[in-house]
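Here's the structure we're looking at; comments come further down.
The values are calculated or read from the model by the stated rules, or taken from the named source; none is laboratory data. Remember, predicted model here, so these are calculated numbers, not experimental data. A quick note on method: Cβ atoms are made from the backbone with ideal geometry, for glycine too, and the neighbour counts reach across all protein chains shown.
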Amino acid sequence: MSKNAVYFIHALSPLHPGVGQGVGSIDLPVAREKATGIPYLPGSSVKGVLRDGARVHGWPDEKVKAVFGPDTGNASDHAGAAYFGDAKLLTLPVRSYAGVFAYATSPYLLRRFKREAEAAGINTPDLPAAPAEVGAALVGRNSEIVKDGKVFLEDLDFKATASESVQAWETWLTENLAGIDAPLAGRLLYLHDDAMTFLLEAALEVVTRVRISDETGTVAKGALWFEENIPAESLLYGLMAFAPNTFGDDNLTAVEMLAQLQSLASHTLQFGGKATVGRGLSKMVVFDGGVEG
């Protein structure tokens with residue numbers, strides 16, 4: 001029997017799922033979906049990090065090959081028994097005048113999360129109605145990010161309305177993601193898709209990096225660049241699927257495989273590039289909805 005699950009990633013430090021050299025003003029941009037422009041973390045990165053974690057924590061080589069597949073040089077031998085979808089953005093942290101920061105999301109982001117959660121057998125609250133206009137926003141009943149009836153993000157302001165549907169989502173996420181300690185309570189902000197599109201372009205972190213010349217003590221020639229990151233505190237999610245292991249002698253069932261990956265995910269992990277400067281430190285949790293194929 002196969003089994004589906006959803007994993008969540010909480011970025012503890014800025015996350016850089018890079019795509020190499022950029023062609024615009026940002027030299028090292030993050031990976032973005034072609035059709036939507038939404039930042040994401042490739043599933044291959046998630047798989048690679050968990051594979052390395054399995055080796056670090058003493059999994060036998062045959063078990064690593066069975067779950068994750070053989071090394072690249074022998075990739076044609078067989079497929080791994082675990083499948084990893086891309087990590088998609090669920091909520092984007094944006095600096096707020098009140099409450100330090102808001103966890104911004106939108107109808108499209110929640111709708112596609114709900115679709116994938118249901119594929120894994122996970123029940124979620126009903127979707128809130130979309131905000132009536134770009135300058136409107138919905139918040140939970142005990143929101144910490146509202147000041148004088150408005151939410152102020154950077155140089156934007158939104159008229160805030162309390163919503164029981166948004167409160168239901170805030171409660172659901174807070175309860176189910178307790179294992180990764182994301183500070184969701186009082187911070188969920190439900191924006192119009194058009195407003196969210198703007199924030200996805202303008203609210204990501206861009207840092208200036210330099211290399212100092214040993215000879216001059218100043219910036220080396222050509223060694224100044226701009227690097228884009230998904231901000232710390234971001235929440236991402238993706239689908240996992242598990243098929244029974246048919247390779248080697250372990251004979252892991254899909255349920256056993258899920259349990260062992262949940263144990264691996266309980267450690268602090270590092271995703272994406274720029275690890276030596278602290279990028280990508282994250283907490284992860286794998287949420288089992290109980291669906292089997």
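Could you say whether any residue in the stretch 89-104 is within 13 Å of the chain's Cα centre (by Cα), over 22 Å from residue 202 (Cβ atoms) and either modelled with pLDDT of 95 or more or not aliphatic (A, V, I, L, M) (or both)?
no
Taking the stretch 106-131, which residues are more than 22 Å from residue 162 (Cβ to Cβ) and either of a type in the set (Gly, Ala, Ser) or in contact with a Pro (Cβ under 9 Å, 6 or more places away or on another chain) (or both)?
Those that are more than 22 Å from residue 162 (Cβ to Cβ) and either of a type in the set (Gly, Ala, Ser) or in contact with a Pro (Cβ under 9 Å, 6 or more places away or on another chain) (or both): 117, 119, 120, 121.
Here is a list: 149, 179, 186. Which entry is at pLDDT 95 or above and either under 28 Å from residue 269 (Cβ atoms) or among the basic types (Lys, Arg) (or both)? Walk me through it before giving the result.
On the way: 149 fails: either under 28 Å from residue 269 (Cβ atoms) or among the basic types (Lys, Arg) (or both); 179 fails: at pLDDT 95 or above.
Of the residues listed, the single one that is at pLDDT 95 or above and either under 28 Å from residue 269 (Cβ atoms) or among the basic types (Lys, Arg) (or both) is 186.
If residue 94 satisfies every condition in (1) outside any loop (DSSP other than H, G, I, E, B); (2) touching an Asp or Glu at 6+ places or on another chain (Cβ under 9 Å); (3) farther than 22 Å from residue 170 by Cα but one, which is the exception?
(3)
Table: residues versus (1) more than 26 Å from residue 12 (Cβ to Cβ); (2) aliphatic (A, V, I, L, M); (3) touching a helix residue (DSSP H, G or I) at 6+ places or on another chain (Cβ under 7 Å).
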residue	(1), (2), (3)
127	yes, yes, yes
131	yes, no, no
141	yes, no, yes
144	no, no, no
155	yes, no, no
166	no, yes, no
171	no, no, no
201	no, no, no
207	no, yes, no
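Just give me the residues in the stretch 217-247 being part of a loop (DSSP other than H, G, I, E, B), more than 21 Å from residue 46 (Cα to Cα) and either aromatic (Phe, Trp, Tyr) or modelled with pLDDT of 95 or more (or both), in sequence order.
247
I'm trying to understand the selection: among the residues of the stretch 97-126, which are part of a helix (DSSP H, G or I) and aromatic (Phe, Trp, Tyr)? Steps first, answer last, please.
Just the residues of the stretch 97-126 that are part of a helix (DSSP H, G or I), to begin with: 107-119.
Selection gives 108, 113.
Can you find even one residue in the stretch 108-120 that is among the aliphatic types (A, V, I, L, M), over 23 Å from the mean Cα position of the chain (by Cα), over 16 Å from residue 199 (Cβ atoms) and surrounded by fewer than 22 Cβ atoms within 10 Å (Cβ to Cβ)? Reasoning before the result, please.
Residues of the stretch 108-120 that are among the aliphatic types (A, V, I, L, M), as a first pass: 109-110, 117, 119-120.
Going one step further and asking which of them are over 23 Å from the mean Cα position of the chain (by Cα), we end up with none.
Within the stretch 108-120 (the criterion being among the aliphatic types (A, V, I, L, M), over 23 Å from the mean Cα position of the chain (by Cα), over 16 Å from residue 199 (Cβ atoms) and surrounded by fewer than 22 Cβ atoms within 10 Å (Cβ to Cβ)), the answer is no, since none of the residues qualifies.
Part of a strand (DSSP E or B) and of a type in the set (A, V, I, L, M, F, W, C): does that describe residue 129?
Numbers: part of a strand (DSSP E or B): no; of a type in the set (A, V, I, L, M, F, W, C): yes.
No; evaluated as a whole, the condition is false for this residue.
Here's a check for you: in the stretch 178-216, which residue that is hydroxyl-bearing (Ser, Thr, Tyr) and outside any helix (DSSP H, G or I) is surrounded by the most Cβ atoms within 10 Å (Cβ to Cβ)?
Start the filter on the stretch 178-216 by keeping residues that are hydroxyl-bearing (Ser, Thr, Tyr), which leaves 190, 197, 208, 213, 216.
Imposing the further condition that a residue be outside any helix (DSSP H, G or I) reduces the set to 190, 208, 213, 216.
Numbers: 190: 29, 208: 9, 213: 12, 216: 9.
Looking at the filtered set, the residue picked out is 190.
Restricting attention to the stretch 151-183, which residues are acidic (Asp, Glu) and over 15 Å from residue 102 (Cα atoms)?
First, the residues of the stretch 151-183 that are acidic (Asp, Glu): 154-155, 157, 164, 170, 175, 181.
Once the filter is applied, which keeps residues that are acidic (Asp, Glu) and over 15 Å from residue 102 (Cα atoms), the stretch 151-183 yields 164, 175, 181.
Kindly list, by first and then second residue, each pair from a residue in the stretch 53-70 that is touching a residue at least 60 places away in the same chain (Cβ under 8 Å) to a residue that is surrounded by fewer than 19 Cβ atoms within 10 Å (Cβ to Cβ) and of a type outside the set (A, V, I, L, M, F, W, C), limited to pairs with Cβ atoms under 6 Å and residues at least 6 apart or on different chains.
62/248; 63/250; 66/248; 66/250
State which residue pairs qualify: first residue farther than 15 Å from residue 89 by Cα and touching a residue at least 60 places away in the same chain (Cβ under 8 Å) and inside the stretch 193-214, second residue crowded, with 17+ Cβ neighbours inside 10 Å and of a type in the set (Phe, Trp, Tyr) in any location, beta carbons under 8 Å apart, and separation of 6 or more residues or different chains.
As it stands, the answer is 195/158, since those pairs meet every condition given.
Looking for whichever is farther than 30 Å from residue 35 by Cβ and in contact (Cβ under 8 Å) with a residue 40 or more places away in the chain here; the options are 231, 183. Which one fits?
Only one candidate passes the filter, namely 183.
I need the full set of residues from the stretch 29-51 which are within 14 Å of the chain's Cα centre (by Cα), among the small types (Gly, Ala, Ser) and assigned to a helix (DSSP H, G or I), in order please.
43, 44, 45
I'm checking my understanding of the structure. Among residues of the stretch 132-172 that are touching a Pro at 6+ places or on another chain (Cβ under 7 Å) and assigned to a strand (DSSP E or B), which one is surrounded by the fewest Cβ atoms within 10 Å (Cβ to Cβ)? Give the steps one after another, and end with the answer.
Pass one, the stretch 132-172, residues touching a Pro at 6+ places or on another chain (Cβ under 7 Å): 137-138, 163, 165-166, 168-169, 172.
Now narrow it down to the ones that are assigned to a strand (DSSP E or B): 137-138.
Details: 137: 29, 138: 26.
So, considering only residues that are touching a Pro at 6+ places or on another chain (Cβ under 7 Å) and assigned to a strand (DSSP E or B), the one surrounded by the fewest Cβ atoms within 10 Å (Cβ to Cβ) is 138.
Answer yes if at least one residue in the stretch 258-273 is within 22 Å of residue 94 (Cα to Cα), of a type outside the set (Phe, Trp, Tyr), crowded, with 20+ Cβ neighbours inside 10 Å and touching a residue at least 24 places away in the same chain (Cβ under 8 Å), and no otherwise.
yes
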